[in-house]
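The values are calculated or read from the model by the stated rules, or taken from the named source; none is laboratory data. These numbers come from a predicted model, not from an experiment. Glycine gets a Cβ as well: all are built from the backbone with ideal geometry, and neighbour counts include every protein chain shown.
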Amino acid sequence: MSLKGKIAIVTGCSKGIGLSTTISLLNKGVKVAGWSRTPPPLAHEEFTHFQTDVAIYKSVQKSFQETILKYGQADILINNAGLGYVSEFEELEPAKWLQMFDVNVHGMYYCSRVVVPGMKQKGSGHIVNIGSIAGTTAVKNMVGYAATKHAVTGMSHSLFMELREFGIKVTCIYPGSVKTSFFDNIDEIDAHDNMMNPEDITGTIMHVLESTGNYHHVDIEVRPLKPKG
């Protein structure tokens with residue numbers, strides 16, 4: 001399916017998977033609204049950055065209204081914004097626990113909530129949620145992060161069942177380790193060349209978005225072949 005002329009919202013667009021996906025969408029002729037707290041190093045006539053904190057519903061609502069005025073109703077939503085911390089359970093600070101839920105779970109809910117009515121009106125749309133293998137597999141010392149990503153999995157599955165009758169696809173992608181700034185917050189792990197690249201995940205996203213109308217990817221798990229080299 002051609003994406004040319006479609007309208008997309010990409011959260012966490014300033015770097016990593018979000019930036020890579022934004023560039024690929026623009027190359028396909030998509031008009032992109034980038035939602036993030038900081039602007040990406042990107043200038044394109046079909047791209048507009050809207051300063052957004054996905055953890056705050058009023059911020060999401062404001063960016064959504066500005067996006068509507070600029071481009072119209074979204075055809076695509078890429079829920080990419082997220083963060084995580086490594087910590088033994090009893091050492092995990094409540095503030096960090098809340099921050100992960102506010103961004104990873106509530107942010108995905110807020111962004112999806114504002115776009116769904118317009119997609120229903122159009123009778124089509126595609127929401128792509130960037131989950132994690134932590135949403136399907138236990139991860140030691142990442143209880144909080146795993147809890148948020150299990151929530152992303154559950155939300156994605158239920159939303160898929162609810163929205164399919166309206167012609168709206170919901171896809172959840174579960175990456176293993178990706179060489180991004182995600183690990184900037186994790187002292188125990190450094191990003192390295194044996195991880196997947198953001199462009200690898202972007203390739204999967206584009207494949208999903210370009211699939212034929214009645215062909216629906218629900219879950220896709222991707223991992224580096226040799227994570228330790």
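Summary of values
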{"read-out": "Residues located in the range 37-58, provided they are of a type in the set (A, V, I, L, M, F, W, C) and over 18 Å from Ala74 (Cα atoms)", "value": "Leu42, Ala43, Ala55, Ile56"}
{"read-out": "Within the range 7-33, considering residues that are hydrophobic (A, V, I, L, M, F, W, C) and touching a Phe, Trp or Tyr at 6+ places or on another chain (Cβ under 8 Å), the one surrounded by the fewest Cβ atoms within 10 Å (Cβ to Cβ)", "value": "Leu26"}
{"read-out": "Any hit, the range 189-203, residues being within 29 Å of Leu98 (Cβ to Cβ), more than 15 Å from the chain's Cα centre (by Cα), small (Gly, Ala, Ser) and at pLDDT below 95", "value": "yes"}
{"read-out": "Filter result for Gly131 (at pLDDT 95 or above and touching a Phe, Trp or Tyr at 6+ places or on another chain (Cβ under 6 Å))", "value": "yes"}
{"read-out": "Pairs where the first residue, in the range 37-48, is under 20 Å from Lys4 (Cβ atoms) and aromatic (Phe, Trp, Tyr) and the second is at pLDDT 95 or above and part of a loop (DSSP other than H, G, I, E, B), C-beta under 9 Å, 6+ apart", "value": "Phe47/Cys13; Phe47/Pro40"}
{"read-out": "Selection within the range 105-151 - in contact (Cβ under 8 Å) with a residue 40 or more places away in the chain and more than 17 Å from the chain's Cα centre (by Cα)", "value": "Gly118, Met119, Lys120, Gln121, Lys122, Gly123, Ser124, Asn141, Met142, Val143, Gly144"}
{"read-out": "Near pairs, Cβ below 9 angstrom, 6+ apart or cross-chain, from the range 4-27 (farther than 16 Å from Val115 by Cα and in a helix (DSSP H, G or I)) to any residue that is among the basic types (Lys, Arg) and modelled with pLDDT of 95 or more", "value": "Leu25/Lys6; Leu25/Lys31"}
{"read-out": "Neighbours by Cβ (under 7 Å, 6+ apart or cross-chain): first from the range 198-211, in contact (Cβ under 8 Å) with a residue 24 or more places away in the chain; second in a helix (DSSP H, G or I) and not hydroxyl-bearing (Ser, Thr, Tyr)", "value": "Pro198/Gly16; Pro198/Ile17; Ile201/Ile17; Thr202/Ile17"}
{"read-out": "Pairs where the first residue, in the range 61-78, is at positive phi and the second is in a strand (DSSP E or B), C-beta under 7 Å, 6+ apart", "value": "Gly72/Ile7"}
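Residues are listed down the side, and each one gets a yes or a no for (1) in contact with a Gly (Cβ under 7 Å, 6 or more places away or on another chain); (2) surrounded by 19 or more Cβ atoms within 10 Å (Cβ to Cβ); (3) on the phi < 0 side of the Ramachandran plot; (4) outside any loop (DSSP other than H, G, I, E, B):
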residue	(1), (2), (3), (4)
Trp35	no, yes, yes, yes
Glu45	no, no, yes, no
Val54	yes, yes, yes, no
Lys58	no, no, yes, yes
